[in-house]
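Down below is the structure, laid out as C-alpha cells.
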Amino acid sequence: MSEPTAGGDVLVSIQDVYKHFPIKQGIIFQKEIARVHAVDGVSLDVTRGETLGIVGETGCGKSTLARCVTGLHPVTGGRIFFDGTDITGLRGSRMKAFRRDVQMIFQDPYGSLNPRRRVGSIIADPFVIHKIADGAERKRRVQELMELVGLNPEHYNRFPAEFSGGQRQRIGVARALALRPKLIVCDEPVSALDVSIQAQVINLLKDLQKELGLTYIFIAHDLSVVRHVSDRVAVMYLGKVAELSESETLYERPRHPYTNALLSAASIADPDRSEKRQRIVLSGDVPSPVNPPSGCRFHPRCPKAQERCVTEEPALVARHGDPDDHVAACHFPVEAGEQLTHERSTIEQQSTEPTLPSA
Amino acid sequence: MSLTELETEVAPADAEPTRTIQGRTPWQLAWARLRQDKVAIISSIIIIVILLMAIFAPVLTHWFGTDPTKTNTNTGLDADGLPIGPSADHLFGTDHLGRDIFSRAVYGARVSLEVGLLSTFFATIVGVTIGLLAGYFSGWADAVISRLLEIVLSFPYLIVALVAAATIGPSKTMVIVVIASFSFAAMARIVRGQVIAIKAREFVEAARSLGASRLRILVIDILPNLLAPVIVLVTLLIPQAIVTESTLTFLGAGVDIRIPSWGGMLSESTQYYRVAWWYLFVPSGMLLLTTLVFNLLGDGVRDALDPRSERIMARAGKSGKTSRRWRTPSEPGSAGAVSGR
C-alpha cells in the first residue's frame, strides 16, 4: 500500500478502499451471483486546501469513490479518514456531524434540485436539517449564499425550472456551501453544462476555494477541465488508480499507457499541435467490472502489454526519473518520446466483452 | 412547413419585445394545459353539478319531486297499477311503488359519491403510505409488501364482498371497507414504482448527503413529487369505486336496499323495464354519466400533468395547430406519469 503525500496536512486519507456492488438474483430469497468491482483497492490522500482531480472513463469507479468519501455509500473494505476520524463506520449523530464538513456538488443540475420545491427552501435545507438558523436569519443567510454564488437573491421564491443549467449548478454550489464544509466533492460538476457556462462555474469554484479555503475532490472526464482546476490528478481505470501526479507533470510526462491514450484523445485548441499529435486508439471496450482482468487491469487493451502484465499486478510506485509524488501502476511505463501508436501488443488479447455468470 | 409559415411564427416576438418572460411552476403549466382541454373542463363542470346535486338533494326533491322513500300507490301509479312515465308531477316518472324516480336518483348520487370518495380517500392514504415504505426501504420489506400487493390484486373482490355481505350483513361501511381494501393495492403499486424512480434522482442523494433523516426525505423530497400520479389515479379510482358499489348493491351485497341508490334502483328495475323504460334508464344513465366524466377528467389531468404522454403526442402530430398549443416549455420529469415510466 502506497500513500503518496504532497506535503501539508492531510484532510482526507483514503486507505485501500474497496466498494463492491452485489448482483443479486431471486425473488424473496436473494443470493449474490456476482459483484461489480466498482472501486478495488484505492489509496489516496487529499491535502487541506488542494484540489485533487480524478479522471477516468465512464464506469471506472470515480463517482463511486466520491460517494464513499461523502459517506453516501458504505465501503466494502478499507478505511477513509477525514480529519483524523475514521468515517467508514459512522452512524447517527456522529454521521450527521461529519455530513456538515463534507458536501457534494452533483453532476446533473436538473436532477439534483427537487423540481417541486422553491430555490430558497432548497438552499435553506442544510440550515433546517442541522437546525442552525431560523426564520428571518435563515432567509438572510440563504440570500447571502445566493449572492455569493452570483445569483439574484430576489429569486428566492422561484422554482428550479425557472433557472438555466448554469444557474441551477450555482444553486447546487450554494447549497453545498451553506454549512461551510471543509471538503467539497464535485462529481462532474460541469459536464452537463455548455462550454461557455462551464468556465463560469469552474471559475466560481476556484474563487470560492480561495475565499473560503476549501478542499476539493474534483471528478471529471474532461481532461482540460481537470488540468485547469487541479493541483494533483489521479487517473482511474476499472476501480484502480493507474497514475497519480501533480497535474502539470501528469499532462507533460504521463507514464501509464492509459494516461497517454486518454491525453491523446483530448482535444487541443491549437490546430498545429493537434495535427502533429498522434492519437492512440485503444482496441476494445472497457472490460466488465464484474469480472476484471487479471494482473494489470489495462493489459487487454494496452499496446505495451507483455506476459508479466497478465500475471502480476503492478504496484503504484514512483518510477525511475520521476518526482516522488508521481506514481504510476505500470510494469513498462512509457518513456519520453516513445511512440505508442505503432506498437501492437505482443500478447494474446483477451476478450473484453462483459460477461455475467449465468445462474 | 413553408417559409411564410416560418415567418409568421417569428413575427410576434418582434411585435412585443417588452413582454417579460415569467417562469411558471409545474403546477401552473399543468393548469394552463388543463384549461385548454375542453373535455376535461366540461367533465369537471358536470362533476361539480353532480356534487351540488348530492349536497342539496333535500332542497331539490322538495322543489321538483317528492320524498324518495315515500311509497305512493294512489297518485304514483296509473289505473292499472303500473309506474307513471315522466311528467310534470314526476320529472323522471315513478317506480313500481309510486316513488319519485327523480328524487331517488338525486339521493342515489349521495350514496355513490360518498362511497366513491370515502373509499378512494382511504385507499389513497393506505396505498401511498405502503407504496412509500415499499419503494424507499427496498430489500426484504419491499419483497414482502410487493408479494402481498400482488395477492390482493389477484383476489376476486366480488366474491370477498359477497362473503362479507353474507357474514356481516350488507352496509355502506362494509362496501367502503371492501372497496378501499382492494383498490389501495393499485395505488401502492404505482406509488412504489414512482418512489423507486424518484429515489434514484440526485436530489434525494443530495438530501442524504446533507444528513436529512429518512422521514424528512420521504415527506419533503419524495412525497411532493408523487402528487401528480396520485391525483391522476385518484380520479380514475373514484369511478371504479362507484361502479363497484353499484354492482354490489345490484347483487344485494352492498348498500341497504331501502336507501335510494343507483345500484338498488337498477336491481329493482330489472322486473319493470318492459313497462317502465325510465325506471332502468335514469339510474343507469346517471351511473354512466358519473363514471364517464370522472374518467374523462382523469385522462385530462394525466395529459396536463405529463406533457409527454402519448395522447398529447398523437394529437399534436395530427394537426399543426394543436401542436403549438402544447409547446409550453416543461421541466424534465416535472410531472409523473402513471403509465409509461
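Could you please let me know if A:Phe82 is more than 8 Å from every other protein chain (Cβ to nearest Cβ), at pLDDT 85 or above and buried (at least 18 other Cβ atoms within 10 Å of the Cβ)?
In short, yes.
Quickly run through the stretch B:262-302 and pick out the residues that are crowded, with 24+ Cβ neighbours inside 10 Å, of a type in the set (Gly, Ala, Ser) and under 24 Å from B:Ser44 (Cβ atoms).
B:Gly300
Checking the conditions here, which among A:Asp125, A:Asp101, A:Asp108 is among the acidic types (Asp, Glu) and out of contact with any Leu (no Cβ under 9 Å at 6 or more places or on another chain)?
A:Asp108
Which of the residues spanning the stretch A:220-262 are in a strand (DSSP E or B) and under 15 Å from A:Arg319 (Cβ atoms)?
Result: A:Val235, A:Val241, A:Ala242, A:Glu243, A:Leu244, A:Ser245, A:Glu246.
Residues of the stretch B:148-164 being of a type in the set (A, V, I, L, M, F, W, C), in a helix (DSSP H, G or I) and surrounded by 13 or more Cβ atoms within 10 Å (Cβ to Cβ), which ones?
The answer is B:Leu148, B:Leu149, B:Val152, B:Leu153, B:Leu158, B:Val160, B:Ala161, B:Leu162, B:Ala164.
Could you figure out which of (1) modelled with pLDDT of 80 or more; (2) closer than 18 Å to A:Ala329 by Cα isn't true of A:Val286?
Condition (1) is where A:Val286 drops out.
Report yes if A:Val173 is of a type in the set (A, V, I, L, M, F, W, C), assigned to a helix (DSSP H, G or I) and closer than 26 Å to A:Cys60 by Cβ, otherwise no.
The answer is yes for A:Val173.
Taking the condition closer than 20 Å to B:Met286 by Cβ, touching a residue at least 12 places away in the same chain (Cβ under 8 Å) and out of contact with any His (no Cβ under 8 Å at 6 or more places or on another chain), does B:Gly85 pass?
Criteria met by B:Gly85.
Any residue at all in the stretch A:129-138 that is more than 10 Å from chain B (Cβ to nearest Cβ) and buried (at least 20 other Cβ atoms within 10 Å of the Cβ)?
no
Any idea how many residues of the stretch B:197-246 are more than 9 Å from chain A (Cβ to nearest Cβ), surrounded by fewer than 22 Cβ atoms within 10 Å (Cβ to Cβ) and of a type in the set (D, E, K, R)?
Qualifying residue count for the region: 2.
Inside the stretch A:112-134, can you point out the residues that are of a type in the set (A, V, I, L, M, F, W, C) and either over 15 Å from B:Ile198 (Cβ atoms) or not in a loop (DSSP other than H, G, I, E, B) (or both)?
Residues satisfying the conditions are A:Val119, A:Ile122, A:Ile123, A:Ala124, A:Phe127, A:Val128, A:Ile129, A:Ile132, A:Ala133.
Please enumerate the residues belonging to the stretch A:48-82 that are out of contact with any helix residue (DSSP H, G or I) (no Cβ under 7 Å at 6 or more places or on another chain), in a loop (DSSP other than H, G, I, E, B) and within 27 Å of A:Leu250 (Cβ to Cβ). Working first, answer last.
Of the residues in the stretch A:48-82, the ones out of contact with any helix residue (DSSP H, G or I) (no Cβ under 7 Å at 6 or more places or on another chain) are A:48-50, A:52, A:57-69, A:74, A:76-79, A:81.
Still in the list and also in a loop (DSSP other than H, G, I, E, B): A:48-50, A:57-61, A:74, A:76.
Within the stretch A:48-82, A:Arg48, A:Gly49, A:Glu50, A:Glu57, A:Thr58, A:Gly59, A:Cys60, A:Gly61 qualify.
When both residues are 6+ apart or on different chains and their Cβ atoms are under 8 Å apart, which pairs have a first residue that lies in the stretch A:177-189 and is away from chain B (no Cβ under 11 Å), and a second that is aromatic (Phe, Trp, Tyr) and surrounded by 19 or more Cβ atoms within 10 Å (Cβ to Cβ)?
A:Leu183/A:Phe82; A:Leu183/A:Tyr216; A:Cys186/A:Tyr216; A:Cys186/A:Phe218; A:Pro189/A:Phe106; A:Pro189/A:Phe218
Can you pull out every residue in the stretch A:38-61 that is surrounded by fewer than 17 Cβ atoms within 10 Å (Cβ to Cβ) and hydrophobic (A, V, I, L, M, F, W, C)?
Scanning the stretch A:38-61 gives no hits.
Mind listing whichever residues of the stretch B:31-71 are modelled with pLDDT of 80 or more, touching a helix residue (DSSP H, G or I) at 6+ places or on another chain (Cβ under 6 Å) and of a type in the set (Gly, Ala, Ser)?
B:Ala40, B:Ser43, B:Ser44, B:Ala54, B:Ala57
Yes or no: the stretch A:239-247 includes at least one residue that is among the hydroxyl-bearing types (Ser, Thr, Tyr), surrounded by fewer than 22 Cβ atoms within 10 Å (Cβ to Cβ) and over 18 Å from the mean Cα position of the chain (by Cα).
Checked the stretch A:239-247: no residue is among the hydroxyl-bearing types (Ser, Thr, Tyr), surrounded by fewer than 22 Cβ atoms within 10 Å (Cβ to Cβ) and over 18 Å from the mean Cα position of the chain (by Cα).
Search the stretch B:169-196 for residues being more than 12 Å from B:Ala123 (Cβ to Cβ) and polar (S, T, N, Q), and hand back the single one that is nearest to the other protein chains (Cβ to nearest Cβ).
Looking at the filtered set, the residue picked out is B:Gln194.
Among the residues of the stretch A:190-199 satisfying the criterion of being over 13 Å from the mean Cα position of the chain (by Cα) and in contact (Cβ under 8 Å) with a residue 40 or more places away in the chain, which is nearest to the other protein chains (Cβ to nearest Cβ)?
A:Ala192
So, in the stretch A:191-224, exactly how many residues are modelled with pLDDT under 85 and among the aliphatic types (A, V, I, L, M)?
Matching residues across the stretch A:191-224 total 5.
Out of curiosity, is A:Thr64 crowded, with 22+ Cβ neighbours inside 10 Å and within 14 Å of chain B (Cβ to nearest Cβ)?
Yes: the conditions hold for A:Thr64.
Suppose we filter the stretch A:85-121 for residues that are at the interface with chain B (Cβ under 8 Å from one of its Cβ atoms) and under 30 Å from B:Leu29 (Cα atoms); how many remain?
11
Yes or no: A:His155 at the interface with chain B (Cβ under 7 Å from one of its Cβ atoms) and either under 22 Å from the mean Cα position of the chain (by Cα) or at pLDDT 85 or above (or both)?
So A:His155 does not fit the description; no.
The values are calculated or read from the model by the stated rules, or taken from the named source; none is laboratory data. Here the structure is a predicted model, which means the values were calculated and not measured. Here the Cβ is made from the backbone with ideal geometry for all residues, glycine too, and neighbour counts use every protein chain on show.
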